[in-house]
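We did not get these values from a lab; they are worked out from the coordinates using the rules stated. Keep in mind the model is a prediction, meaning the values are calculated, not measured.
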């Protein structure tokens, strides 16, 4: 659903309706797919919290979310 919002914004800004053109523009501008962005940010979060020793963050450190 969020990807459709990005596609609609590209459509309106660049006035293109072809799916291939929209995908190319998103690639060149750096508008990543929401799922890819989510996985990258989750991996960064887990990586940063794995070194912390606060008791609240221990569940994140002990089990793999992926």
When the chain is fully extended, how far beyond the present Cα-Cα distance does residue 32 get from residue 19, taking 0.36 nm per residue of separation? 3.2 nm
If the chain between residue 7 and residue 47 were fully extended at 0.36 nm per residue, the gain over the current Cα-Cα distance would be 11.3 nm
